[in-house]
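Structure first, then comments.
The values are calculated or read from the model by the stated rules, or taken from the named source; none is laboratory data. If you're wondering where the values come from, they're calculated on a predicted model, not measured in any experiment. We place every Cβ from the backbone using ideal geometry, glycine too, and count neighbours over all the protein chains shown.
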Amino acid sequence: MSSVNDTKFNSAVFLLTGIPGQEDVHRWISIPFCLMYVISILGNSVILFIIKTDRTLHDPMYIFLSMLAVTDLGISIATMPTTLGIFLFNSREISLDACFAQLFFIHSLSYIESSVLLMMAFDRFIAICNPLRYASILTTLRIARMGLFFVLRSVVLHIPLPFLLKRLRYCQANVLSHSYCLHQDVMKMACSDITVNSIYGLSIKLLTVGLDSLLIFLSYVMILKTVLSVTSHAECLRALNTCVSHLFAVLLFYTPEIGLSVIHRFGNSSSHLLQILLGYVYLLVPPLMNPIVYSVKNKHLRARIIRMFIK
């Protein structure tokens, strides 16, 4: 019996889902998805190239922005094969091992992005609340250590996920809700006890995304307190204007991420289409919009992008 179960497990596959009910027009739907991926990859690559080649942009703020661009590139590359495979070629099957590998990279990179947003909030906090010590606090070595710590935190916390999922038995119709694999979606396909998976997944979310979002909120409370104490209205607006791009990136990342987690865990009666749309917003829109927003709002970066294309 054990060998039969092992054979069944190893040969099992998951079926990914595009947009239910719209299978006839998946080829047409693939056009905006292809454009989104092209813009995301090109936009983040251009930002990385400009920051690397222009020594005047080797400041902490731009180093954090390059970290965000690398993370966004990784998320786009992790989701692109299965998403475009469904819409272009109707390739829905994915093996368990490939699915577990994909969800590991998606969750690790997503939580690294959360950490990068936290570091960017810390950068704005130091720049506004303690500008005289900005250069001495945010040194290149300290930034590298912070980045390494958050990468290791995310990777170490997510390494157990594939192993926790692999120990489960999958004997249902394994049709996933998205065109890529997510932990909370895959574990619901199991017909064995998923208590450990659920508790561990919620725990690491609270330790990473929950803690990061709380610290970002506290950073902006301190920033507002400092800014509102400034007597000059123009100086107050100028300081707040430096935070607009980061605030937009924070809202764009955390809103669909928290909404999707709540729906997967507690919203069994919610619309299936809402889950799918939130899933695409969560993983496709931030890598698309972040380089656009920062290029528009940051005049130094915008000037160098224009100069590069004019040349």
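Worth a mention:
- In the stretch 90-114, the residue that is farthest from Ser203 (Cα to Cα) out of those that are hydroxyl-bearing (Ser, Thr, Tyr) and surrounded by fewer than 17 Cβ atoms within 10 Å (Cβ to Cβ) is Ser91.
- Check on Tyr170, surrounded by 15 or more Cβ atoms within 10 Å (Cβ to Cβ) and over 23 Å from His272 (Cα atoms): no
- Boolean, Ser136 is polar (S, T, N, Q), surrounded by 18 or more Cβ atoms within 10 Å (Cβ to Cβ) and assigned to a helix (DSSP H, G or I): no
- Among the numbered conditions (1) touching a residue at least 12 places away in the same chain (Cβ under 8 Å); (2) surrounded by fewer than 20 Cβ atoms within 10 Å (Cβ to Cβ); (3) not hydroxyl-bearing (Ser, Thr, Tyr), the only one that Ile128 does not meet is (2).
Per-residue answers, yes or no, for (1) basic (Lys, Arg); (2) free of Cβ contacts under 8 Å to residues at least 60 places away in the same chain; (3) crowded, with 20+ Cβ neighbours inside 10 Å:
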residue	(1), (2), (3)
Asp193	no, yes, no
Leu218	no, yes, no
Ala234	no, yes, no
Arg238	yes, yes, no
Leu247	no, yes, no
Leu251	no, yes, no
Gln275	no, no, no
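- Meets criteria (modelled with pLDDT of 85 or more, of a type in the set (Lys, Arg), surrounded by fewer than 18 Cβ atoms within 10 Å (Cβ to Cβ) and over 23 Å from Ser76 (Cβ atoms)) for Arg153: no
- Qualifying residue in the stretch 13-26 (condition: surrounded by fewer than 21 Cβ atoms within 10 Å (Cβ to Cβ) and in contact with a Pro (Cβ under 9 Å, 6 or more places away or on another chain)): no
- Test: residue in the stretch 81-90 that is within 19 Å of the chain's Cα centre (by Cα), part of a helix (DSSP H, G or I) and either without any contact (Cβ under 8 Å) to a residue 12 or more places away in the chain or farther than 21 Å from Ser179 by Cβ (or both): yes
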